[in-house]
1. Of everything in region 149-163 that's in contact with a Gly (Cβ under 8 Å, 6 or more places away or on another chain) and not aromatic (Phe, Trp, Tyr), which residue is surrounded by the most Cβ atoms within 10 Å (Cβ to Cβ)?
2. Do we find a residue being part of a helix (DSSP H, G or I), over 30 Å from Leu65 (Cα atoms) and touching a residue at least 24 places away in the same chain (Cβ under 8 Å) anywhere in region 177-192?
3. Check whether at least one residue in region 196-203 is surrounded by 14 or more Cβ atoms within 10 Å (Cβ to Cβ) and at pLDDT below 85, and report yes or no.
4. Please work out which one of (1) in a helix (DSSP H, G or I); (2) loosely packed, with under 13 Cβ neighbours inside 10 Å is the condition Glu166 fails and give its number.
5. Is one or more of the residues making up region 90-108 out of contact with any Ser or Thr (no Cβ under 6 Å at 6 or more places or on another chain), within 20 Å of Ser192 (Cα to Cα) and of a type in the set (D, E, K, R)?
6. Among the residues of region 91-117, what is the count of those that are of a type in the set (A, V, I, L, M), within 20 Å of Glu150 (Cα to Cα) and in contact (Cβ under 8 Å) with a residue 40 or more places away in the chain?
7. So the check is Cβ under 9 Å with 6+ separation or different chains; which pairs have a first residue in region 207-232 that's closer than 20 Å to Gly167 by Cα and a second one that's modelled with pLDDT of 75 or more and exposed (fewer than 10 other Cβ atoms within 10 Å of the Cβ)?
8. Check Thr256 against each of (1) modelled with pLDDT of 75 or more; (2) in a helix (DSSP H, G or I); (3) surrounded by fewer than 16 Cβ atoms within 10 Å (Cβ to Cβ) and name the one condition it does not meet.
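The values are calculated or read from the model by the stated rules, or taken from the named source; none is laboratory data. Being a predicted model, the structure only gives us computed values, none of them experimental. Note: ideal-geometry Cβ built from the backbone for every residue, glycine included; neighbour counts use all protein chains shown.
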Amino acid sequence: MRSTPLMTALVVVLSLAACDRNSDAPASADAAPADKASEPEPEPATPEPPEPEPEPKAETPPAKLADAMDRHFIHATELEQAVIDGDLEQAVADARWIVDEQPKLDMPETWKPQLERMLAAATEVAAAKDLPSAARATGKLVGTCGTCHEALGAGPKFSTPLPVAEGESTAARMERHRWAAMRMREGIVGPSESHWKAGAEAVSVAPPKPCPIPDGDILAPEVLELREHIYTIGAEAAETRDLGDRAEIYGEFLTTCAGCHVGGC
């Protein structure tokens with residue numbers, strides 16, 4: 001069959017249509033985009049080095065602990081004596097030493113709660129504006145020593161004291177009061193039942209006659225009452241068993257001593 005111009009034109013049109021259909025067909029799913037193929041692979045992240053474990057805190061040698069406890073005891077005793085003497089300024093200075101120096105002492109971590117209570121009591125003494133306030137806070141401070149030793153199951157061992165002074169003179173009675181204060185303090189600090197009992201019983205019964213005081217007739221009646229009130233406190237102390245209650249009574253004992261001395265006894 002002979003080709004005509006009309007047939008040739010028809011073949012050309014059909015061929016062009018087929019090309020258009022092929023160009024619109026979607027690309028194969030297997031074909032990857034050209035820009036993706038050119039991207040570099042990400043490098044793996046470098047792991048963070050582990051933090052070093054803290055080194056355990058070295059324990060304080062027993063000799064240093066004993067020295068620290070001795071320093072505490074010395075200043076607490078000096079504080080107590082200043083209160084008994086009615087010297088508020090010295091009592092505040094002794095308490096200030098504990099407030100300033102105690103945090104510098106290297107103490108075991110397990111002692112921290114008890115030492116914080118001691119520091120709070122010393123701070124109270126250091127801020128006291130009068131002797132009764134200082135005396136009561138001193139009783140608390142001495143009490144913290146005893147509760148700490150009791151909690152740890154270890155404390156100082158006090159030797160057997162010399163016999164209490166006898167006689168009814170003013171000097172003998174004052175020496176007996178001082179002796180009783182020392183024993184009761186040891187009874188709290190130890191704690192020691194025998195020392196507390198010895199101190200309390202030494203001042204638990206009032207003598208038949210009031211303590212003779214030179215120029216006592218010029219003293220205020222409330223001051224003169226204090227010389228006998230000490231025996232009321234002693235009788236109450238002898239019946240007290242709880243360590244915290246004993247510390248409170250001891251603070252009252254110190255308050256009575258200070259009030260009597262400042263008042264002129």
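1. Taking region 149-163 as the starting set, the residues that turn out to be in contact with a Gly (Cβ under 8 Å, 6 or more places away or on another chain) are 149, 155-158.
Filter once more, keeping what is not aromatic (Phe, Trp, Tyr): 149, 155-157.
Numbers: His149: 20, Gly155: 17, Pro156: 15, Lys157: 8.
So, considering only residues that are in contact with a Gly (Cβ under 8 Å, 6 or more places away or on another chain) and not aromatic (Phe, Trp, Tyr), the one surrounded by the most Cβ atoms within 10 Å (Cβ to Cβ) is His149.
2. Step one: list which residues in region 177-192 are part of a helix (DSSP H, G or I), which gives 177-189.
Applying the additional criterion that residues be over 30 Å from Leu65 (Cα atoms) yields 177.
Retained after the next criterion (residues that are touching a residue at least 24 places away in the same chain (Cβ under 8 Å)): 177.
Checking region 177-192: at least one residue is part of a helix (DSSP H, G or I), over 30 Å from Leu65 (Cα atoms) and touching a residue at least 24 places away in the same chain (Cβ under 8 Å).
3. Of all residues in region 196-203, those surrounded by 14 or more Cβ atoms within 10 Å (Cβ to Cβ) come to 196-203.
If we keep only those that are at pLDDT below 85 as well, we get none.
No, that holds for no residue.
4. Looking at each condition in turn, Glu166 falls short on (1).
5. no
6. Just the residues of region 91-117 that are of a type in the set (A, V, I, L, M), to begin with: 91-93, 95, 98-99, 105, 107, 115.
Adding the requirement that they be within 20 Å of Glu150 (Cα to Cα) leaves 107, 115.
Retained after the next criterion (residues that are in contact (Cβ under 8 Å) with a residue 40 or more places away in the chain): 107.
Matching residues across region 91-117 total 1.
7. Sorted first by the residue in region 207-232, then by its partner, the list stays empty.
8. Against the list (1) modelled with pLDDT of 75 or more; (2) in a helix (DSSP H, G or I); (3) surrounded by fewer than 16 Cβ atoms within 10 Å (Cβ to Cβ), Thr256 comes up short only on (3).
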